[in-house]
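Enquirer: Dropping a structure here in structure tokens format, bear with me for questions.
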Amino acid sequence: MSAVREAIADAARAVTLPEGLAQLTATGYVPDAVTVPCFFPADYTVDYDRAMNRGLDKVELTCQILVGIADDRAAQRLLDNLLSGSGPASLKQAIEAARGAPGQPALGGAADDLHVTRLQGYRWYEHQGTTYLGGQLTINIIGEG
């Protein structure tokens, strides 16, 4: 899972934020300190042995996106762009671009395929004592067990 989380973070870094905004900080691990805007895998579940002889595992990865709240409207506009289904700042679009060509493995070989399936939890979050606006993206990933 370490390679999968790192590859997801690498893919997320491909977003292009509106001019004048800081670049997205993306990490494959839950950070001690957040530099906004920030993306990281926060939680995952694994369904083992979906095919015989450890042939396939299915992972549901929940990723956290946090933005600063100095200006509530600007924060919501930025988060809306990041959580959009398409566009230059879309995390969904950037992450799904790492699926590879048809017949090729996803995430540079770390998985067979992936799909960003859900946005949830658009709300305030506290991380290490600081409040942020954020949301969660769910990514379904399949790969060899």
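The values are calculated or read from the model by the stated rules, or taken from the named source; none is laboratory data. The shown structure was predicted, so the numbers you read here are calculated from the model rather than taken from an experiment. Glycine gets a Cβ as well: all are built from the backbone with ideal geometry, and neighbour counts include every protein chain shown.
Enquirer: Which residue is nearest to G55 (Cα to Cα), if the candidates are limited to segment 112-130 and must be of a type in the set (S, T, Y) and free of Cβ contacts under 8 Å to residues at least 60 places away in the same chain? Steps first, answer last, please.
Expert: Step one: filter segment 112-130 for residues of a type in the set (S, T, Y), giving 117, 122, 125, 130.
When the remaining residues are screened for being free of Cβ contacts under 8 Å to residues at least 60 places away in the same chain, the result is 117, 122.
Details: T117: 23, Y122: 35 Å.
Among those residues, the one meeting the criterion is T117.
Enquirer: Condition (residue is at pLDDT 95 or above, within 21 Å of Q23 (Cα to Cα), surrounded by 14 or more Cβ atoms within 10 Å (Cβ to Cβ) and under 14 Å from the mean Cα position of the chain (by Cα)) applied to segment 99-119: is it met by at least one residue?
Expert: Within segment 99-119, not a single residue is at pLDDT 95 or above, within 21 Å of Q23 (Cα to Cα), surrounded by 14 or more Cβ atoms within 10 Å (Cβ to Cβ) and under 14 Å from the mean Cα position of the chain (by Cα).
Enquirer: Is it true that some residue in segment 28-47 is among the hydroxyl-bearing types (S, T, Y), within 16 Å of L137 (Cα to Cα) and touching a residue at least 40 places away in the same chain (Cβ under 8 Å)? Break it down stepwise before answering.
Expert: First, pick out the residues of segment 28-47 that are among the hydroxyl-bearing types (S, T, Y): 29, 35, 44-45.
Still in the running and within 16 Å of L137 (Cα to Cα): 29, 44-45.
Pick out the ones that are also touching a residue at least 40 places away in the same chain (Cβ under 8 Å) and you get 44.
Checked segment 28-47: at least one residue is among the hydroxyl-bearing types (S, T, Y), within 16 Å of L137 (Cα to Cα) and touching a residue at least 40 places away in the same chain (Cβ under 8 Å).
Enquirer: Of the residues that make up segment 21-33, is at least one in a strand (DSSP E or B), among the polar types (S, T, N, Q), out of contact with any helix residue (DSSP H, G or I) (no Cβ under 6 Å at 6 or more places or on another chain) and closer than 22 Å to R99 by Cα? Steps first, please.
Expert: Going through segment 21-33, the residues in a strand (DSSP E or B) turn out to be 25-26.
Checking the rest, the ones that are also among the polar types (S, T, N, Q) come to 25.
Next, from what is left, pick out any that are out of contact with any helix residue (DSSP H, G or I) (no Cβ under 6 Å at 6 or more places or on another chain): 25.
Then drop every residue that is not closer than 22 Å to R99 by Cα, which leaves 25.
Scanning segment 21-33, I find at least one residue that is in a strand (DSSP E or B), among the polar types (S, T, N, Q), out of contact with any helix residue (DSSP H, G or I) (no Cβ under 6 Å at 6 or more places or on another chain) and closer than 22 Å to R99 by Cα, so the answer is yes.
Enquirer: Would you say G85 is modelled with pLDDT of 95 or more and surrounded by fewer than 18 Cβ atoms within 10 Å (Cβ to Cβ)? Steps first, answer last, please.
Expert: Working: modelled with pLDDT of 95 or more: yes; surrounded by fewer than 18 Cβ atoms within 10 Å (Cβ to Cβ): yes.
For G85, the condition - modelled with pLDDT of 95 or more and surrounded by fewer than 18 Cβ atoms within 10 Å (Cβ to Cβ) - is met.
Enquirer: Which condition does G109 not pass, out of (1) in contact (Cβ under 8 Å) with a residue 60 or more places away in the chain; (2) out of contact with any Ser or Thr (no Cβ under 8 Å at 6 or more places or on another chain), if it passes all the others?
Expert: (1) is the only condition that G109 fails.
Enquirer: Something else: Which members of segment 2-34 meet the condition of being surrounded by 15 or more Cβ atoms within 10 Å (Cβ to Cβ) and either of a type in the set (D, E) or more than 18 Å from L133 (Cβ to Cβ) (or both)?
Expert: V4, R5, E6, A7, I8, A9, D10, A11, A14, T27, G28, listed by residue number.
Table: residues versus (1) part of a strand (DSSP E or B); (2) not aliphatic (A, V, I, L, M).
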{"residue": "Q104", "(1), (2)": "no, yes"}
{"residue": "G108", "(1), (2)": "no, yes"}
{"residue": "L114", "(1), (2)": "yes, no"}
{"residue": "L119", "(1), (2)": "yes, no"}
{"residue": "L133", "(1), (2)": "yes, no"}
{"residue": "Q136", "(1), (2)": "yes, yes"}
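Enquirer: Residues being of a type outside the set (A, V, I, L, M) and under 13 Å from Q64 (Cα atoms): count how many of those fall in segment 116-145.
Expert: Kept after step one, since they are of a type outside the set (A, V, I, L, M), are these residues of segment 116-145: 117-118, 120-132, 134-136, 138, 140, 143-145.
Restricting the remaining residues to those that are under 13 Å from Q64 (Cα atoms) gives 118, 120-127, 132, 134-136, 138.
Of the residues in segment 116-145, 14 are of a type outside the set (A, V, I, L, M) and under 13 Å from Q64 (Cα atoms).
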